[in-house]
Amino acid sequence: MQERLAAWLSGSPAQETAVYLLGNVPGLPPIAQSLHILGIAVVMSSTVMVHLRFLGLAAPSQNISEMIGRLMPWTWWALLTNAITGLLFVVARPNRYFFNPVFGWKFMCLVPAVTIALIIYRMSKREPGYWEQTAARLLSARVMAAVSLVLWVGVVLGGRWIAYTDYLYFLYE
């Protein structure tokens, strides 16, 4: 599938537009990368705070549902920003990303991490105080928080290592 997607994007108007923008809009590459990194910081800080609260390691005086309501909208806006800025680079150079195993690892962590965040957010929005109502719900939230923290760290590490795949010799042996 990645071969077909990379082939479809290569030489497409979308790729030509992305390459043109990156090459001709002054400062666009570092601006897009900076926005992407700031988005990562927002996602990590908002999700980590919620997860640490679930785990009882931060902000014990804060109501979990209120914290989710305050912080998770920041997560969604930052993820949208990251999708836009990330797609700009992926569309410009699809072969660099689609054939990079670290890119695949990043998304194998990203999809379940976003899914967990969405579940936590939706359940909290659907029923105020959802996570605090029973010990079983709080336990499930703690498990999701622990798994999610590991996944988000995987996303960040994968994102940083995409550019350095050539140094990961064990991938090509």
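Residue-by-condition table, conditions (1) under 15 Å from the mean Cα position of the chain (by Cα); (2) under 18 Å from ARG122 (Cβ atoms):
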{"residue": "VAL43", "(1), (2)": "yes, yes"}
{"residue": "MET67", "(1), (2)": "no, yes"}
{"residue": "MET72", "(1), (2)": "yes, yes"}
{"residue": "THR85", "(1), (2)": "yes, no"}
{"residue": "TYR97", "(1), (2)": "no, no"}
{"residue": "VAL111", "(1), (2)": "yes, yes"}
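Only one of (1) exposed (fewer than 13 other Cβ atoms within 10 Å of the Cβ); (2) at pLDDT below 95; (3) over 28 Å from GLN2 (Cβ atoms) fails for TYR20. Which number is that?
With (1) exposed (fewer than 13 other Cβ atoms within 10 Å of the Cβ); (2) at pLDDT below 95; (3) over 28 Å from GLN2 (Cβ atoms) applied to TYR20, the lone miss is (3).
Tell me whether region 130-152 contains one or more residues that are crowded, with 17+ Cβ neighbours inside 10 Å, among the basic types (Lys, Arg) and either over 15 Å from the mean Cα position of the chain (by Cα) or within 30 Å of VAL19 (Cβ to Cβ) (or both).
No, the conditions are met nowhere in region 130-152.
Anything in region 109-146 that is over 16 Å from ASN63 (Cα atoms), basic (Lys, Arg) and touching a residue at least 24 places away in the same chain (Cβ under 8 Å)? List them, or say none.
Result: no residue meets the conditions.
Quick one: LEU21 ticks every box in (1) more than 16 Å from the chain's Cα centre (by Cα); (2) under 26 Å from ARG126 (Cβ atoms) except a single one, so which number is it?
Result: LEU21 fails condition (2) only.
The values are calculated or read from the model by the stated rules, or taken from the named source; none is laboratory data. Values in this document were obtained by computation on a predicted structure and should not be read as measured data. Positions of Cβ are generated from backbone atoms using ideal geometry, with glycine treated the same way; all protein chains shown enter the neighbour counts.
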